[in-house]
Amino acid sequence: MLEMVINADIKKGKINKNIYGHFSEHLGRCIYEGIWVGEDSEIPNIKGYRTDVVEALKKLKVPVLRWPGGCFADEYHWMDGIGPKDKRPCMINTHWGGVVENNHFGTNEFFEFCEMIGAQAYICGNVGSGTVQEMQQWIEYMTFDGKSPMADLRRANGKEEPWKLKYFGIGNENWGCGGNMRPEYYADLYKRFSTYVRNFGDNIIHKIACGPAGDDYRWTDVLMKEAGHLMHGISLHYYTLPNGSWTEKGSATEFGEGEWFKTLKQTLFMEELVIKHSTIMDRYDPEKKVGLIVDEWGAWCDVEPGTNPGFLFQQNTLRDALIAGINLNIFNNHCDRVQMSNIAQMVNVLQAIILTEGDRMLLTPTYHVYDMYKVHQDAQLLTVDFKNTDYIYNGEKIPGISVSSSIDKEEKIHVTICNLNPIQDIEVDVDIRGIAVNRISGKVLTAETMNAINTFDNSNQVKIDVLKNLRLKNNRAGCKIPSKSVVLLEIE
Ligand code: AHR
């Protein structure tokens, strides 16, 4: 029996809803086919955006969406993506398969899509191959409400009022695909580019600097020292590679317990990264004004056999549900510093929440985790005190349980628990203090096998079920957390 104590009256701070953010890049079939099919498509659409995808995303309450990349962002010239579609120039998407990008999905379309699904826009600007003027004009096009060349251009393109733009990234992975820079050089460029990212009218932009790759702590140190006072956020990118190697990542679906264990161990490393980068940030920003923005994370596996290697298309198993659940628990528990996260990516790319094939769509196990965890958005974090159990495999051990908890405005407590052990169920007893409990209910996401997937022919193999046999006595809630599962408890 694993005993937990939750003090409902000791609130630890708000879980920023943006932790439940997403990322959509011009990569493979994410934007084209996944989100945008065009108004003339036979696939049901609303003004060119897939109806099924829009409806699924609305249900998820997506708070924020990052676009247009990724590596694509530092090659993207926004003026190519505005105006009449048949006049927009094409470009080569050199990062992702060398395919021709027709620019039919551009700034106006991105904002329209965000409005449809109810998400805030988070745009990543081009530092690697763009100019300060180009970035300055993009901001003017999007947000200036007066009369000016760029605002008039926006009006000529059918948008009278400016959009609200709250989040803007100054480049992406500028240590790599965004220009192969040193942190000192990028810090100077950050200062220069970000100076011209202006606030017009009442639009206030949160500027996000390109942060480190994984455990590059020097990058964070230099950026915070040189430019920490000029930014609202610094990004962090870390992907779970099942085998821990970029050259042999491992299959998304064909794996045994060895790979399951290694993958979850890689996933848990996120907590060390968050703690260590936060410690560096504390040195320069003890008041925690600068957010850690984990704007790319998730499982990165080998592409599905037979698919374009540049399109990063992978299936999504129950293991992905655990990867998502563990990461989101980590972000919740460190919400004093983690202000946003954006899983890579929204549709048809990497750890996607949605897959499409022609006019068919399926919701992946990862989607269901976001559906269960959305109750944490803007709720108050509660700490969960417990002595973890070990999950031991081949003489190595990792924590057996990942958990986070919050209390919302209606005083409902939510506890999300992942059981990392693929074989053993765990009995849990939660002692709730500081509030009288009358009711408990639960949901569970699990399957017969570790690599269970949803397919277009059977899209309900991995789905949310009601968690049965819950106990409630003397303000203590009890239940069994099945092996390899993600559970949500709601306690009122
Ligand atoms: O998400 C795929 C790619 O991973 C992004 O374009 C890049 O930023 C990262 O390396």
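The values are calculated or read from the model by the stated rules, or taken from the named source; none is laboratory data. A quick note: this is a predicted structure, and the numbers were derived from the prediction, not measured. Neighbour counts are summed over all protein chains in view; Cβ atoms, including those assigned to glycine, are modelled from backbone coordinates with ideal geometry. Just the protein is used for accessible areas: all its heavy atoms, side chains included, with ligands, DNA and RNA removed. Shrake-Rupley method; radii C 1.70, N 1.55, O 1.52, S 1.80 Å.
Some notes on this structure:
- Residue among Phe105, Trp36, Leu382 farthest towards the positive dipole end of the chain, charges placed on Cβ: Leu382
- Neighbour-limited loop hits for trypsin sites (Lys or Arg not before Pro), the stretch 1-91 (at most 15 other Cβ within 10 Å; DSSP other than H, G, I, E, B): Lys47
- Percent accessible area from carbon and sulfur atoms, the stretch 64-135, protein chains only, probe 1.4 Å: 55
- Per-residue SASA entry for Arg439, accessible area with 1.4 Å probe, Å² rounded to 10: 110
- 3J(HN,Hα) along the stretch 14-20, derived from phi through the Karplus expression 6.51 cos²θ - 1.76 cosθ + 1.60 where θ = phi - 60°, amounts to 6, 7, 4, 4, 5, 4, 9 Hz, with x in place of Gly and Pro.
- Set Lys265/Lys288; Lys59/Lys412; Lys58/Lys387; Lys412/Lys463; Lys17/Lys443 screened for pairs whose C-alpha atoms are more than 26 Å apart: Lys265/Lys288; Lys58/Lys387
- Structure-based [θ]222 nm, the chain - -39500 (n - 2.57) summed over DSSP H runs of at least 4, per residue, nearest 500: -7500 deg cm²/dmol
- Each peptide in 373-380, 129-136 gets a packing score, the mean of other Cβ atoms within 10 Å over its residues, and the list from highest to lowest is 373-380, 129-136.
- With Cα atoms defining each centre, the stretch 62-106 and the stretch 35-55 are spaced 18 Å apart in the structure.
- Taken as Cα centroids, the stretch 138-198 and the stretch 398-471 sit 41 Å apart, rounded to the nearest whole angstrom.
- The fraction of accessible area contributed by carbon and sulfur in the stretch 171-218 is 47 percent, rounded to a whole number (1.4 Å probe; ligands and nucleic acids excluded).
- Counting Lys and Arg as +1 and Asp and Glu as -1 over every other residue whose Cβ lies under 13 Å from the Cβ of Ile46, the net charge comes to -3.
- DSSP-loop GluC sites (Glu not before Pro) across the stretch 398-445, with at most 13 other Cβ within 10 angstrom: Glu410, Glu411
- Positive contributions from Lys and Arg (+1) and negative ones from Asp and Glu (-1), summed over other residues with Cβ under 9 Å from the Cβ of Gln120, come out at +2.
- Among the chymotrypsin sites (Phe, Trp or Tyr not before Pro) in the stretch 209-268, those located in a DSSP loop and surrounded by at most 14 other Cβ atoms within 10 Å of their own Cβ are Trp246.
- Degrees between helix 217-227 axis and first principal axis of the chain (Cα, 0 to 90, nearest 10): 50
- Options Ile354, Met224, Ile330, ranked by Cα towards positive dipole end of the stretch 217-359, top entry (Cβ charges): Met224
- Cα centroids of the stretch 253-269 and the stretch 276-349: 16 Å apart.
- Rounded to the nearest 10 degrees, the angle from helix 132-143 to the longest Cα principal axis of the chain is 70 degrees.
- Taking the longest Cα principal axis of the chain as reference, the axis of helix 51-60 is set at about 50 degrees.
- The chain - share of DSSP beta bridges that are antiparallel (%, nearest 5): 60
- Here the stretch 276-368 is assigned +1 on the Cβ of each Lys and Arg and -1 on the Cβ of each Asp and Glu. Its dipole about the Cα centre then comes out at about 280 debye.
- In angstrom, the C-alpha Rg and Dmax of the stretch 193-293 are 17.3, 56.
- Free-standing Cys, the chain [no other Cys Cβ under 4.7 Å]: Cys30, Cys90, Cys114, Cys124, Cys210, Cys301, Cys335, Cys418, Cys479
- Heavy-atom surface of the chain, accessible at 1.4 Å and reported per residue (Å²): 39
- Mean Cα-pair separation over length for the stretch 328-483, i.e. relative contact order, pairs under 8 Å, 6 or more apart, %: 20
- For Gln315, neighbours were defined as the other residues whose beta-carbon sits under 11 Å from its Cβ, and their charges (Lys and Arg +1, Asp and Glu -1) total -3.
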